């Protein structure tokens with residue numbers, strides 16, 4: 001029975017390791033594309049890419065807040 005458990009552990013480690021590599025590759029690729037898009041189209045003159053992302057996130061949160069206030073009639 002322990003041979004089966006050992007074999008399953010080995011398979012599990014290989015599958016999870018392979019999945020993690022694919023996941024990391026996809027996420028890193030997406031982040032590179034996102035950074036390039038922000039740099040090209042959304043960044044203001046004296047901003048870094050990270051500063052632009054933070055600004056955009058704050059603007060989006062503010063828009064959501066305003067939308068919720070409008071919907072709820074609190075504005």
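Quick note: the coordinates plus some simple rules give every number you see, no bench work behind them. This is a predicted model, so every value here is computed, not measured.
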Helical mean residue ellipticity (222 nm; -39500 (n - 2.57) per DSSP H run of 4+; nearest 500) of the chain = -29000 deg cm²/dmol
query = Computed over the Cα atoms of the chain, what is the convex hull's projected area averaged over all directions, in nm²?
reply = 9.5 nm²
